[in-house]
1. Restricting attention to the stretch 68-89, report how many residues are under 22 Å from residue 33 (Cα atoms), surrounded by 24 or more Cβ atoms within 10 Å (Cβ to Cβ) and either among the hydroxyl-bearing types (Ser, Thr, Tyr) or at pLDDT below 95 (or both).
2. Which numbered condition trips up residue 105, out of (1) more than 28 Å from residue 5 (Cβ to Cβ); (2) in a loop (DSSP other than H, G, I, E, B)?
3. Scan the stretch 157-183 residue by residue and report those that are outside any loop (DSSP other than H, G, I, E, B), closer than 17 Å to residue 128 by Cα and either in contact (Cβ under 8 Å) with a residue 40 or more places away in the chain or charged (D, E, K, R) (or both).
4. For residues in the stretch 108-134 being acidic (Asp, Glu) and assigned to a loop (DSSP other than H, G, I, E, B), which is surrounded by the most Cβ atoms within 10 Å (Cβ to Cβ)?
5. Given the conditions (1) among the small types (Gly, Ala, Ser); (2) surrounded by fewer than 20 Cβ atoms within 10 Å (Cβ to Cβ); (3) out of contact with any helix residue (DSSP H, G or I) (no Cβ under 7 Å at 6 or more places or on another chain), and given that residue 168 satisfies all but one, which numbered condition is not satisfied?
6. Does the stretch 115-122 contain at least one residue that is of a type in the set (Lys, Arg) and touching a residue at least 12 places away in the same chain (Cβ under 8 Å)?
7. Look through the stretch 142-156, keep the residues that are part of a strand (DSSP E or B) and surrounded by fewer than 17 Cβ atoms within 10 Å (Cβ to Cβ), and return whichever of them is farthest from the chain's Cα centre (by Cα).
8. For the stretch 184-196, give me each residue that is in a strand (DSSP E or B) and among the β-branched types (Val, Ile, Thr).
Amino acid sequence: MFHNIPDYVLARMRYLEGIDARDRSDGTPRLSRLRQISQPVGQFLAVLAASAPAGRFLEVGTSAGYSTVWLSLACREVGQKITTFEVLPEKAMIARETIAAAQMADVVELVHGDALELLPKYDQISFCFLDAEKEVYQKAYELIVPRMAKGGILVADNAISHKTELQSVIDQALRDDRVDALVVPIGSGELICRRK
């Protein structure tokens, strides 16, 4: 999966990494800042996704599609497709460019809309990556977990970097007897939940 990434995919990854590095270094506040995961987190997600059981793959919060690229590698590895939700039009536009540049249209469906309104339509979720505005996490967790397949995996980003804002969701997951949960100290911290 990681040893044969096509050059055009790597080129799009480097392009998005460059934008993200610039956004983080210049200190200019931007609503449209990418705020994407790091490469090690992308690899971590891809390995988890490739290990998920049969079912639907979802992503809540596409941004420019950097994490989607990593997840698409897992999809190709296991013959899966992923549906990714982005609510902001400017980010959805960049994500469409990413899907085209990385030639992922065969495995990625981008939905421009509010995931909280659309998640009830999805069942048998085998993998979900949640990386959206922090006020979305609680409701998203409540919508996703009951719809997960046995052995399905939910990964929520920023569990350490935004621990104060996400503490109630983290506590809920750690107490929830429907899942086995832990926080993994990689990147900004990943809350991992596996459906029993």
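The values are calculated or read from the model by the stated rules, or taken from the named source; none is laboratory data. All values reported here derive from a predicted model rather than from experimental measurement. Here the Cβ positions follow ideal geometry from the backbone for every residue, glycine too, while neighbour counts run over all protein chains shown.
1. Selection size over the stretch 68-89: 2.
2. Only one criterion is unmet by residue 105, namely (1).
3. If the condition is that a residue be outside any loop (DSSP other than H, G, I, E, B), closer than 17 Å to residue 128 by Cα and either in contact (Cβ under 8 Å) with a residue 40 or more places away in the chain or charged (D, E, K, R) (or both), then 157, 180 are the ones that fit.
4. As a first pass, look at the stretch 108-134 and keep what is acidic (Asp, Glu): 109, 114, 117, 123, 131, 133.
Filter once more, keeping what is assigned to a loop (DSSP other than H, G, I, E, B): 114, 123, 131, 133.
Details: 114: 14, 123: 11, 131: 24, 133: 11.
Result: 131.
5. (3)
6. In the first step, residues of the stretch 115-122 are kept if they are of a type in the set (Lys, Arg); the result is 121.
Narrowing further to those that are touching a residue at least 12 places away in the same chain (Cβ under 8 Å): none.
The answer is no; no qualifying residue exists.
7. Let us first name the residues in the stretch 142-156 that are part of a strand (DSSP E or B), namely 148-156.
Filter once more, keeping what is surrounded by fewer than 17 Cβ atoms within 10 Å (Cβ to Cβ): 150-151.
Values: 150: 20, 151: 18 Å.
The qualifying residue farthest from the chain's Cα centre (by Cα) is 150.
8. Here is the first cut: in the stretch 184-196, the ones in a strand (DSSP E or B) are 184, 190-195.
Within the stretch 184-196, 184, 192 qualify.
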